[in-house]
Each structure stands twice: as structure tokens, then as C-alpha cells.
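Below is one structure, written out as C-alpha cells; comments come after it.
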């Protein structure tokens, strides 16, 4: 697995700062060699990360001041983007209790986590002594001409 | 000639969402919708054809609207987005089946 680019940003857990993440995802994915369906892949990663960060801000920090660290790591062989987020909230997410929503009668809340799981290949949660860690991985499709 | 003619005029509100429908903008849409619901409107068309991005907060506004309209025998139609990624989000969450959709091809 070869490393292409890695980047870490730390920002206040505020909804109006989310747009900055989108620009960074775009910058990083632009360095992925021969990415297929680039526009849709970028949208999906942006949406998944957006949903995760909104959840952290609304539920982990519950609207209180806090800090969010996001680490991006783009690698090849295979081409994939790994995103790790770290927050310092004392609230724990209980992944075991999470249930997939009934989409025949869609809920008002809970679609965010469902979207994250649908859009990313790996979604992991870990409680650490410092707070919460989320790990998202997207295996990036490579155009056939590159293979 | 014994004829009875009854004319029903149904008020339908169309909302065109040309900007992102997300956690930042959803409260504004929700407030606009609330205004019409309070006026007794129960039929809505939400035009997503030019919506470039939608998150779960935006979807929550649509689900809330659908529930409230259905409770009063109303309806909510979605005009299908042109953006492929938004289309995919709506299909992943089966909004294309739960809502009445306009402008979506059979494929």
C-alpha cells in the first residue's frame, strides 16, 4: 500500500465550518490516479463525512463548544481514502444498538448514519480515553484505462 | 335537465429548491412549509430538479411534510433531481418509492 497524501485538520465543531471539509475532500481526491466516476465518488465521500460531522456536532457535543480533528489518508494499491475523526466528547455512541431504518416508513431522524454506512465501505467506531474515534474507508474506483 | 355541477379548487404549493438542502438550509425550508401548513395547505410539490446537494436534515424536512400532509389526506410530490448523486441518495433511502415522484424515467 503506497501512500499518496495525508492531511490533518483541526477545527471548531460548528456547522458553518463543514464547507471547509468539502473543499479538502475535493483537493485530496484530485490526487487519486485515474479516479473513475470522480464527481459521484466525491459527492458520496463528502456526504458521508458531512453526515458524520453533523452527528458529532449535534449529538456528541450536543451543540456545545468542541473541537474536531479529521485525518485524511489517500493510498494506492489499492486506491482508497481513509478518514479518521477524533472528538473529545464524553458521550458514547452505542453502535450495537443502532438499527437500520425502515425505509418503507422513513424516520425523521436516523437517516444520516444509514447514509454513511451505504456510501462508505468501512465504518468503524471506537471509544478512546480521549473521546470518540470514527474510521471511514472508501475504496476508490479506478478507470479501466488505468488498469 | 337536472345537472349538479360541483367545482373543487385544490390549493397546491410548489416549492423550488435551487440551493443545497442541508443542515444549514433545512430550518428555513421547514419554516416556509410551516407557514403554508398553518394556512391549511395539504398539497405540495417540492421541485428538486435543480437541487445540487441534499443531506439527512433536508430529507427529514421532506419526511415530516409527507407525514403531516398524509394525516390530512394531502399529498407531497417530488420533482426528480437532475444531479445524479442526489438521485442516488433519494434511491438509497427509497424516497423514490415512498413519495410520488415526477420527472423520473422508468430506468
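The values are calculated or read from the model by the stated rules, or taken from the named source; none is laboratory data. Every value quoted in this text rests on a predicted model; they were computed, and no experiment measured them. Note: ideal-geometry Cβ built from the backbone for every residue, glycine included; neighbour counts use all protein chains shown.
Can you tell me which condition residue A:56 does not meet? The list is (1) more than 11 Å from chain B (Cβ to nearest Cβ); (2) assigned to a helix (DSSP H, G or I); (3) farther than 14 Å from residue A:112 by Cβ, and all the others hold. Only one criterion in (1) more than 11 Å from chain B (Cβ to nearest Cβ); (2) assigned to a helix (DSSP H, G or I); (3) farther than 14 Å from residue A:112 by Cβ is unmet by residue A:56, namely (3). Scanning the range A:1-27 for residues that are under 13 Å from residue A:70 (Cα atoms) and touching a strand residue (DSSP E or B) at 6+ places or on another chain (Cβ under 7 Å) yields A:6, A:7, A:8, A:9, A:10, A:11, A:12, A:13, A:17, A:20, A:21, A:24.
Yes/no per residue for (1) closer than 25 Å to residue A:12 by Cα; (2) within 11 Å of another protein chain (Cβ to nearest Cβ); (3) modelled with pLDDT of 95 or more; (4) not in a loop (DSSP other than H, G, I, E, B):
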| site | (1), (2), (3), (4) |
| --- | --- |
| A:85 | yes, no, yes, yes |
| A:92 | yes, no, no, no |
| A:104 | no, yes, no, no |
| A:108 | no, yes, no, no |
| A:113 | yes, yes, yes, yes |
| A:118 | no, yes, yes, yes |
| A:124 | yes, no, yes, yes |
| A:133 | yes, no, yes, yes |
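Is it the case that some residue within the range A:35-47 is at negative phi, part of a loop (DSSP other than H, G, I, E, B), touching a strand residue (DSSP E or B) at 6+ places or on another chain (Cβ under 9 Å) and loosely packed, with under 15 Cβ neighbours inside 10 Å? Checked against the condition, which is being at negative phi, part of a loop (DSSP other than H, G, I, E, B), touching a strand residue (DSSP E or B) at 6+ places or on another chain (Cβ under 9 Å) and loosely packed, with under 15 Cβ neighbours inside 10 Å, the range A:35-47 yields no hits at all.
Considering A:93, A:86, which residue is surrounded by fewer than 20 Cβ atoms within 10 Å (Cβ to Cβ) and more than 27 Å from residue A:1 (Cβ to Cβ)? Quick ask: steps written out before the conclusion?
Details: A:86 fails: more than 27 Å from residue A:1 (Cβ to Cβ).
From the options A:93, A:86, the qualifying one is A:93.
Using the structure shown, decide if residue B:44 is within 23 Å of residue A:117 (Cβ to Cβ) and either crowded, with 16+ Cβ neighbours inside 10 Å or in contact (Cβ under 8 Å) with a residue 24 or more places away in the chain (or both). In short, no. Kindly evaluate residue A:24 against the criterion of being over 21 Å from residue B:27 (Cα atoms) and in a helix (DSSP H, G or I). Yes: the conditions hold for residue A:24.
Yes or no, residue by residue, for (1) without any contact (Cβ under 8 Å) to a residue 60 or more places away in the chain; (2) within 17 Å of the chain's Cα centre (by Cα):
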position	(1), (2)
A:47	no, yes
A:78	no, no
A:89	yes, no
A:116	no, yes
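Looking only at the range B:58-93, how many residues end up being under 14 Å from the mean Cα position of the chain (by Cα), at the interface with another protein chain (Cβ under 8 Å from one of its Cβ atoms) and either assigned to a loop (DSSP other than H, G, I, E, B) or crowded, with 21+ Cβ neighbours inside 10 Å (or both)? Total meeting the criteria: 2. Residues of the range B:29-57 that are more than 14 Å from chain A (Cβ to nearest Cβ), at negative phi and not in a helix (DSSP H, G or I): B:39, B:41, B:42, B:43, B:44, B:45, B:46, B:47, B:48, B:49, B:50. Checked against (1) surrounded by 18 or more Cβ atoms within 10 Å (Cβ to Cβ); (2) part of a helix (DSSP H, G or I), residue B:96 passes all but a single condition, namely (1).
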